[in-house]
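The values are calculated or read from the model by the stated rules, or taken from the named source; none is laboratory data. Here the structure is a predicted model, which means the values were calculated and not measured. Counting neighbours? That spans all protein chains shown, and the Cβs are built from the backbone with ideal geometry, glycine included.
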Ligand code: PMP
């Protein structure tokens, strides 16, 4: 993994020969957009169109998108496209004016949360949501101390990048931030939940020893960038209790695990039967339209609301809310929570069957349509096999199937199909990965 740039599956100059058109586009990007952007894959994709679970490149080649957590109810979902277009043709304005749709949507969303969560604030991106959550938590607790997992990703603003260790060693963590090892149940087994809770307690104790009072423990409900750690369901409870015992809040980052992704509940934290103090969300919320938000216990935001005014020009604008409401409609009307569970289980069973033939598959895990497949060079020692994971990701790309990788050692295949994935899509995926594993064997 390229930890210097903090990105798994990043395109590396010279890794493979590229066609002249792709080469020219990459050079042009660099010239115009500068050096900070990263492309995916050894042979980057030039996509021009999407429909449902499929993406199409500039030459008309089709790719099955099994890495989709933004347009999660399908590329160019007609209902969402219509909702955006209709609202944009009527009114596109902001929270400085009374508007009914933001209230209706907030009411619907809050009804999906634990009773304790009573307010909904709107932002444009997940980073923006975590930044606001951080401000609220630090204002409420009066502390600054933050505990995260060691390969967590929470976003890109100055304050959020300070608690996003997966950005790599060149992006400094804040002096008020401590990391704990990911809840790696594959290696730790039944000892994991207690160890994880103790690590969170120890991290807050260490902050206090250094004169830094606790503010919050934040984790992504499926530990996506840490390597996809779903279970056992309920394991998070000890860590949340440890945070609360230390006087810290628990922020559930649902940017990845929210909106039905994990198959058994709308929100990832619900699998663990814990009640967050703050919930942040984004990515699939508008199926591609930028909309994100923060749901919060009312008491936490009272003083913040009095002392700091909050206006986010595009956050919660009427078009964003129309897109978000349409997404919730589709999730409900098309039973996508159930689909995520059923097709997710089907994919996991198929992958587990492959693990019987291919020694390089050490573990198959995940919840709903968020799946991690850990590639190892030796099953006994469980040593991470980054090279094979990279080869599978790029091999699948050449087969017309898109996934990526994650984890500190970049050896876990990150498989995250749209919630509309069908059994046929899953079979297509399983056939393609089998072909790639055969080639690598
Ligand atoms: N939290 C998590 C768990 C994420 O995965 C991401 C994005 N990958 C973010 C926050 C930040 O969201 P955004 O890119 O919309 O700022």
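If we keep just the residues of the range 66-87 that are exposed (fewer than 13 other Cβ atoms within 10 Å of the Cβ) and touching a residue at least 60 places away in the same chain (Cβ under 8 Å), which is farthest from residue 331 (Cα to Cα)?
Per the stated criteria, the residue is 86.
Inspect all residues belonging to the range 48-65 and state whether any of them is surrounded by fewer than 21 Cβ atoms within 10 Å (Cβ to Cβ) and within 30 Å of residue 177 (Cβ to Cβ).
no
Filter the range 404-425 for residues that are closer than 19 Å to residue 52 by Cβ and either surrounded by 24 or more Cβ atoms within 10 Å (Cβ to Cβ) or at pLDDT below 95 (or both) and give the result.
415, 416, 417, 418, 419, 421
Of the residues that make up the range 101-117, is at least one within 16 Å of the ligand (Cβ to nearest atom), within 21 Å of residue 269 (Cα to Cα) and not in a loop (DSSP other than H, G, I, E, B)?
No; the residues of the range 101-117 include none that is within 16 Å of the ligand (Cβ to nearest atom), within 21 Å of residue 269 (Cα to Cα) and not in a loop (DSSP other than H, G, I, E, B).
Looking at the range 127-172, which of its residues are more than 19 Å from residue 211 (Cα to Cα) and over 19 Å from the mean Cα position of the chain (by Cα)?
Hits for the range 127-172 are 135, 136, 158, 169, 170, 171, 172.
Could you list, in sequence order, the residues of the range 150-173 that are in contact with a helix residue (DSSP H, G or I) (Cβ under 8 Å, 6 or more places away or on another chain) and either over 22 Å from residue 301 (Cα atoms) or modelled with pLDDT under 95 (or both)?
The answer is 150, 151, 152, 153, 156, 161, 167, 171, 173.
Report whether or not residue 353 is outside the structural domain of residue 221 (by TED's automatic domain parsing) and within 23 Å of the chain's Cα centre (by Cα).
no
If you take just the helices (runs of 4 or more DSSP H) that sit entirely in the range 123-194, which of them hold at least 2 residues that are within 11 Å of the ligand (Cβ to nearest atom) and surrounded by 24 or more Cβ atoms within 10 Å (Cβ to Cβ)?
Once the helices (runs of 4 or more DSSP H) in the range 123-194 are filtered for at least 2 residues that are within 11 Å of the ligand (Cβ to nearest atom) and surrounded by 24 or more Cβ atoms within 10 Å (Cβ to Cβ), what remains is 126-141.
So if I check each of 203, 224, 243, 248, which one is under 24 Å from residue 341 (Cβ atoms) and either crowded, with 19+ Cβ neighbours inside 10 Å or touching a strand residue (DSSP E or B) at 6+ places or on another chain (Cβ under 8 Å) (or both)?
Being under 24 Å from residue 341 (Cβ atoms) and either crowded, with 19+ Cβ neighbours inside 10 Å or touching a strand residue (DSSP E or B) at 6+ places or on another chain (Cβ under 8 Å) (or both) holds for just one of 203, 224, 243, 248, which is 224.
Every residue in the range 49-64 that is in contact (Cβ under 8 Å) with a residue 40 or more places away in the chain and over 18 Å from residue 263 (Cβ atoms), please.
52, 55, 61, 62, 63, 64
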